[in-house]
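Colleague: I have a structure I would like to understand better, so I am pasting it below and will then ask my questions one at a time.
The values are calculated or read from the model by the stated rules, or taken from the named source; none is laboratory data. Just so it is clear, the structure is predicted and the values come from calculations on it, not from any experiment. For neighbour counting, all protein chains shown are included, and Cβ atoms are generated from backbone atoms with ideal geometry for every residue, glycine included. Areas reflect the complete protein model, heavy atoms only, side chains present, ligands, DNA and RNA absent. Shrake-Rupley method; radii C 1.70, N 1.55, O 1.52, S 1.80 Å.
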Amino acid sequence: MSGSSTSIAGARLYHLALPMHRSFELSGGIIARKETLIVEVIDREGRSGWGEAPVLLDPIYTTETVAGAKAFLLRSVLPDLPSKVVPLDKLLGPNSLDEVMVTYHRFRGFQFAKCAVEAALCSLAAISKQVSLRTLLGGIRDEIEVGESIGIQPVEKVMQSIHEALNFGYKRIKVKITHGHDIDLVERIRREWPRLPLMVDANGEYRLEDVDVFHRFDRLSLMMIEQPLDYDDLIDHAVLQSQLQTPICLDESIVSLRHAEQALRIGACRIINIKPCRVGGPIQAKKIHDLCQQRGVPVWCGGMFESGIGRAVNLAIASLAGASCPSDMSPAADFYGYDLVARPHVIRQGKVAIPNDPGLGFAVDMGGIKRCLVDCVEFGECP
Ligand code: OSB
Ligand code: MG
């Protein structure tokens, strides 16, 4: 192999239960308990890279779950990871970090699990090269704008949450919608805040027969409508988009570069919410970003209520040139007792600074990990 590289000596999978002090409802169900999977890869020099699979306990967002992702990592991925050589200088192309992941990306599905490994290898490469994750991935922004995602709650509570979010400085508001909690809610918000940068997220709850709802949304000056139709649908999204002025933004439906390319080809959306975890990792996320940038399609970085470890990767993706809309980046501490990083990102006037520290950019809080630990499985040589 040409160029510099490092060899993996060992890996650990941490299964954690994060104490949650606030639940969150979306159209598919309520997130009231949170467990997460953290992958640590360790090279022969004893340096660690970190990644997160911010899976949910139930398959209400994608089909992946904590139990499924854990079984996949334990059986199909982690046993042979401690034999890999990680190229440090190349993200894409022959002999690149992306190519190390190819054997895992050949397995179907399990994007969140793959993301944990890809992110761990990227942050290891970054720490080995003494560059930030942003620099490794080619991000250009020193700071990014962030918005808040507001769950399904009684209307008065939604109004109250928006007040608080705006006082706090968030740059745009996204409200979760579902049948019976849609048009009236958004009209009410618009009456109160006519020019608020506002969007809705249906998490796939509607069907083409509900087109009237979307015609009404079309008159409410929304920045975008996120994932109106089913999670595995592209065709009907193209039909709906052709009838609307408001851009459709796809979330659940884009699980790979191929999906992104097909969605743009058939006009299924005009914006893409890129979540590294949903597409199999930060390198896959970057590829989708690059495609969208070539096509002039705006992207932004969504979230899955990651701990500070997953959020660090999201921040690097949000710093890419084409990530032009505010990202979902509320701090993990809004939901959990632990961030899992020592000095979590802070939001000031609706903006977050992208760290320049080498590697992940945040020191992992081993005390927090120990306190949340369900179990830890080791592979290869772990110091
Ligand atoms: O659809 O973007 C979504 C949270 C859980 C599941 C799905 C979604 C979300 C969010 C959260 O909207 C945003 C965040 O992580 O801050
Ligand atoms: Mg969404």
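Colleague: Calculate the spin-label point distance for ARG195 paired with GLU143, positioning each point 7 Å from the Cα along the beta-carbon direction, and give it in nanometres.
Modeller: 2.2
Colleague: Please check which bits of segment 244-266 a label hung off VAL211 would reach, taking the label as a point 7 Å along Cα-to-C-beta and the cut-off as backbone N under 20 Å.
Modeller: 244-250, 266
Colleague: Using a 4.7 Å Cβ cut-off, which Cys residues in the chain lack a partner cysteine?
Modeller: CYS122, CYS249, CYS269, CYS292, CYS301, CYS325, CYS372, CYS376, CYS382
Colleague: Calculate, in nm to one decimal, what MET20 and ARG219 gain on full extension: separation in residues at 0.36 nm each, minus their alpha carbon distance.
Modeller: Additional length available on full extension: 67.9 nm.
Colleague: Then there is this: Please identify the trypsin sites (Lys or Arg not before Pro) of segment 29-72 that satisfy two criteria: DSSP loop assignment and at most 14 other Cβ atoms within 10 Å. Which are they?
Modeller: For trypsin sites (Lys or Arg not before Pro) across segment 29-72 that sit outside H, G, I, E and B with at most 14 neighbouring Cβ atoms in 10 Å, the list reads ARG33, ARG44.
Colleague: By a straight-distance test (C-alpha under 13 Å), which aspartates and glutamates pair with LYS287 as possible cross-link partners, with residues fewer than eight away in the same chain excluded?
Modeller: Partners within reach: ASP98, GLU261.
Colleague: Let me ask something else. Tell me the relative contact order for segment 136-353 as a rounded percent, counting alpha carbon contacts under 8 Å between residues six or more apart.
Modeller: Worked out over segment 136-353, it gives 23 percent.
Colleague: A follow-up question, please. Which residues in segment 5-30 have a backbone N closer than 16 Å to a point placed 7 Å from the Cα of GLU378 along the Cα-to-Cβ line?
Modeller: Of the residues in segment 5-30, 9-15 have backbone N under 16 Å from the label point off GLU378.
Colleague: Calculate what fraction, in whole %, of the accessible area of segment 303-360 sits on carbon and sulfur atoms when a 1.4 Å probe is rolled over the protein chains.
Modeller: Of the solvent-accessible surface of segment 303-360, carbon and sulfur hold 47 percent.
Colleague: Taking Cα centroids, how far is segment 1-78 from segment 153-191 in Å?
Modeller: Cα centroid to Cα centroid, the span is 31 Å.
Colleague: Whose amide H sits under 5 Å from the amide H of TYR336, counting only residues 5 or more places off or on another chain, with H placed in the peptide plane?
Modeller: HIS21
Colleague: Tell me, what HN-Hα J-couplings in whole Hz come from the Karplus equation 6.51 cos²θ - 1.76 cosθ + 1.60 at θ = phi - 60° for each residue of segment 77-89, using x for Gly and Pro?
Modeller: 10, 5, x, 9, 5, x, 10, 7, 9, 9, x, 9, 9
Colleague: Let me ask you something else. Using the Kirkwood radius over Cα pairs, work out the Stokes-Einstein diffusion coefficient for segment 136-353 at 25 °C and 0.890 mPa s, in µm²/s as a whole number.
Modeller: Translational D for this selection: 140 µm²/s.
Colleague: Over 21 Å between Cα atoms: which of LYS34/LYS176; LYS34/LYS157; LYS90/LYS129; LYS275/LYS351; LYS114/LYS275; LYS90/LYS286 fall into that group?
Modeller: From the list (LYS34/LYS176; LYS34/LYS157; LYS90/LYS129; LYS275/LYS351; LYS114/LYS275; LYS90/LYS286), the Cα-Cα distance tops 21 Å for LYS34/LYS157.
Colleague: Then there is this: What is the distance in Å between the Cα centres of segment 256-275 and segment 279-337?
Modeller: Taking the Cα centre of each part, segment 256-275 and segment 279-337 sit 15 Å apart.
Colleague: Please sort 140-152, 315-327 by packing, taking for each peptide the average over its residues of neighbouring beta carbons within 10 angstrom, highest first.
Modeller: So the order, starting with the most tightly packed, is 315-327, 140-152.
Colleague: Over every pair of different alpha-carbon atoms in the chain, take the mean of 1/r and invert it; report that Kirkwood radius in Å.
Modeller: 20.8 Å is the Kirkwood radius here.
Colleague: Right, here's the next one. Shape verdict for segment 191-305, please, from the Cα gyration tensor: rounded (a/c under 1.5), prolate (a/b greater than b/c) or oblate.
Modeller: Note, shape of segment 191-305 comes out prolate.
Colleague: On to the next question. What distance in nm lies between label points placed 7 Å from Cα along the C-beta direction at VAL239 and ILE266?
Modeller: My value for the distance between the label points is 1.1 nm.
Colleague: Mean-square fluctuation check for the chain, GNM, Cα pairs under 10 Å: which of ASN314, ASN356, ASN167 is largest?
Modeller: Between ASN314, ASN356, ASN167, it is ASN167 that shows the largest mean-square fluctuation.
Colleague: Show me, for segment 309-316, the HN-Hα J-couplings you get by feeding each phi into the Karplus relation (A = 6.51, B = -1.76, C = 1.60, θ = phi - 60°), rounded to Hz, glycine and proline as x.
Modeller: For segment 309-316, the Karplus curve yields 5, x, 4, 4, 5, 4, 4, 5 Hz.
Colleague: FRET efficiency for LEU166 and VAL346, Cβ-Cβ distance as r, R0 = 22 Å, nearest 0.05?
Modeller: FRET efficiency, LEU166 to VAL346: 0.80.
Colleague: Go through segment 261-266 residue by residue and turn each phi into a ³J(HN,Hα) via Karplus (6.51, -1.76, 1.60, θ = phi - 60°); whole Hz please, and just put x for glycine and proline.
Modeller: 3J(HN,Hα) across segment 261-266, in whole Hz: 5, 5, 4, 5, 4, 9.
Colleague: For segment 133-204, what % of the accessible area comes from carbon and sulfur atoms, probe 1.4 Å?
Modeller: 46
Colleague: Amide H neighbours of ILE354 under 5 Å, at least 5 residues apart or on other chains, H built in the peptide plane: list them.
Modeller: Residues meeting the criterion, in which the H sits 1.01 Å from N, are GLU143, ILE144.
Colleague: Tell me, what is the per residue accessible area of the chain in Å², probe radius 1.4 Å?
Modeller: That works out to 39 Å² per residue.
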